[in-house]
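The values are calculated or read from the model by the stated rules, or taken from the named source; none is laboratory data. No experiment lies behind these values; they were computed from the predicted model shown. Virtual Cβ from ideal backbone geometry, glycine too; neighbours counted across all protein chains shown. Side chains included, ligands, DNA and RNA excluded: accessible areas come from the protein's heavy atoms. Shrake-Rupley method; radii C 1.70, N 1.55, O 1.52, S 1.80 Å.
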Amino acid sequence: MWIIRNIRFWVLAIHLLGNIALKAGIETAASKTLNVGVSIDDMDFSILGGSVGFQNLVIDNPPGYQHDKLLEVGNARIAVSIGSLLKDTVNIKEIMLDDVNVVIEQKGITSNNLQDIIKALPKGEAEPEDTTEKPAKKLHIDNLEITNVTVKAKLLPVPGKTDTVTLKLNPIRMTDLGSNEKMDVAKLSSKILLAIAAGVAEQGAGKLPKG
């Protein structure tokens, strides 16, 4: 019984410490890529199952905007092929983002917070400054789905008109990402944000200002 209790203790300790380390690593990497703060309320991962789950992932706004947050993801799950983690290209079987809330805040006639973050993203995979540093792993994503996306667009105030438009986006699905182009975290982030921006443009036609 003593041995069993100790095994359970160490399994629990490794799981908790692994959660903490992985959470901190993802927050740091995402913040560096997007150039804004990124935080996760809670997460869990299964080493053997190759899956990571997030609850309440938040992306902050760039400086100069009234609202603190750009995007919140209520639930997210990533399934990874374990064997690919040791290879140059990591194969992600599935990324599921659900219960997504976006607040788009307009600044000036043609600028908004979502566009500012997209424009600031790295354009490609940067070469490491330290030649001893390993290059970032490439990604291949079999399936990516974004569902239940609600967008609140905060417009410039116009007398007699509402300054907030609420949109419900259609589900977004992308497949086989990384086959025909180099895919890294920055490129994936850009793909996701651009897909949301395209959904906003589609659903907001006639409701939102062009630009």
| request: Would you point out which residue out of 141, 95, 117 is within 16 Å of the chain's Cα centre (by Cα), modelled with pLDDT of 90 or more and farther than 23 Å from residue 44 by Cβ? | output: 117
| query | Do you know which residues across region 33-50 are of a type outside the set (A, V, I, L, M), open to solvent by 20 Å² or more (accessible area, probe 1.4 Å) and at pLDDT below 85? | reply | 42, 44, 45, 46, 49
| Restricting region 185-211 to residues that are free of Cβ contacts under 8 Å to residues at least 60 places away in the same chain and in a loop (DSSP other than H, G, I, E, B), which is nearest to residue 101 (Cα to Cα)? | 204
| Can you name the number of the only condition in (1) modelled with pLDDT under 70; (2) surrounded by 10 or more Cβ atoms within 10 Å (Cβ to Cβ); (3) within 23 Å of residue 206 (Cβ to Cβ); (4) of a type outside the set (Lys, Arg) that residue 163 fails? | (1)
| task | Quickly run through region 51-88 and pick out the residues that are more than 17 Å from the chain's Cα centre (by Cα) and open to solvent by less than 60 Å² (accessible area, probe 1.4 Å). | result | 65, 81, 83, 84
